[in-house]
Amino acid sequence: MEPAGEEKKANQDVQPVVVRREPEKDIFTWMAPSRPFKKRSREFYVTLFAIVGLVGLILFIAEGAMPVILLIALTFLFYVLANVPPEEIQYRITNKGIRIADKRVEWELLGRFCFVKKLGSELLVIETFFLPGKIELVIKEENKEEIRKALSAYLVEEEIKPTGFEKFVAWVASKLPDNAV
């Protein structure tokens, strides 16, 4: 019976673990457009539609109507996104993660970060461990150092190499007028 008494005594010495939940606190906040935006010229659209028309004709001959419908839908989406200016949204770096228009991405789902310039906008690019693999946030040039300081406490700043698809898109964009990338 003695072992049972020792076990009971050992159980009395164990204290329950109390987990304190820390409230979310903002580290840095800024307002910026939801995506990079650049107004395009008429020449850009004429060239784009000529290329899409040629590729559409080739796809129609090779595969039929469905790939052409998809190509037209994607071209229309690009046209709308290129002509409708983005809305201003709030970005927040917190102790729990990054909030983009009140949607939080936890630090555990984020990797390294870097800054790039695209379409005349300064972007913060953060690697993610879920699809699509990156988050691109528009920042203002004057906020860059404050954002770098806030993120450095949680993530590593390191250049993120472009994927093969991004390299292909950059190559195609370089062939269009107005230097699309």
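Determine whether region 137-146 contains at least one residue that is in a helix (DSSP H, G or I), at pLDDT 90 or above and either β-branched (V, I, T) or surrounded by 14 or more Cβ atoms within 10 Å (Cβ to Cβ) (or both).
yes
A quick yes/no check of all residues on (1) closer than 25 Å to L48 by Cα; (2) without any contact (Cβ under 8 Å) to a residue 24 or more places away in the chain; (3) among the small types (G, A, S):
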position	(1), (2), (3)
I98	no, no, no
G111	no, no, yes
L119	yes, no, no
E145	no, yes, no
T163	yes, no, no
Residue pairs within 8 Å by beta carbon, gap of at least six or interchain, first lying in region 59-84 and without any contact (Cβ under 8 Å) to a residue 60 or more places away in the chain, second surrounded by 10 or more Cβ atoms within 10 Å (Cβ to Cβ) and of a type in the set (D, E), listed first then second, are none
Residue pairs qualifying under the 9 Å Cβ cut-off, at least six apart or on distinct chains, with the first in region 46-58 being within 9 Å of T75 (Cβ to Cβ) and at pLDDT below 90 and the second being in a helix (DSSP H, G or I) and of a type in the set (S, T, Y), are L48/T75; L48/Y79
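Residues are listed down the side, and each one gets a yes or a no for (1) over 28 Å from the mean Cα position of the chain (by Cα); (2) under 18 Å from I139 (Cβ atoms); (3) of a type outside the set (G, A, S):
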{"residue": "F44", "(1), (2), (3)": "no, no, yes"}
{"residue": "L57", "(1), (2), (3)": "yes, no, yes"}
{"residue": "M66", "(1), (2), (3)": "yes, no, yes"}
{"residue": "A73", "(1), (2), (3)": "no, no, no"}
{"residue": "A82", "(1), (2), (3)": "no, no, no"}
{"residue": "Q90", "(1), (2), (3)": "no, yes, yes"}
{"residue": "I93", "(1), (2), (3)": "no, yes, yes"}
{"residue": "G97", "(1), (2), (3)": "no, yes, no"}
Mind checking which residues of region 142-181 are out of contact with any helix residue (DSSP H, G or I) (no Cβ under 8 Å at 6 or more places or on another chain), of a type in the set (D, E, K, R) and farther than 29 Å from E43 by Cβ? E142, K144, E145, E146, R148, K149, E158, E159, K161
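When the residues of region 92-122 are narrowed to those that are outside any strand (DSSP E or B) and in contact with a Ser or Thr (Cβ under 8 Å, 6 or more places away or on another chain), which ends up surrounded by the fewest Cβ atoms within 10 Å (Cβ to Cβ)?
A101
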Within region 14-35, residues being at pLDDT 85 or above, aliphatic (A, V, I, L, M) and within 20 Å of N95 (Cα to Cα) number 2
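Is it the case that A150 is surrounded by 15 or more Cβ atoms within 10 Å (Cβ to Cβ) and not acidic (D, E)? Walk me through it before giving the result.
On the way: surrounded by 15 or more Cβ atoms within 10 Å (Cβ to Cβ): yes; not acidic (D, E): yes.
Judged against the criteria, A150 is a match.
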Candidate set from region 80-91 (those that are of a type in the set (V, I, T) and surrounded by fewer than 11 Cβ atoms within 10 Å (Cβ to Cβ)); member that is nearest to I27 (Cα to Cα): V84
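The values are calculated or read from the model by the stated rules, or taken from the named source; none is laboratory data. For clarity, every value in this text was computed on a predicted model and none was experimentally measured. No Cβ is skipped: glycine too gets one built from the backbone with ideal geometry, and neighbour counts run over all protein chains shown.
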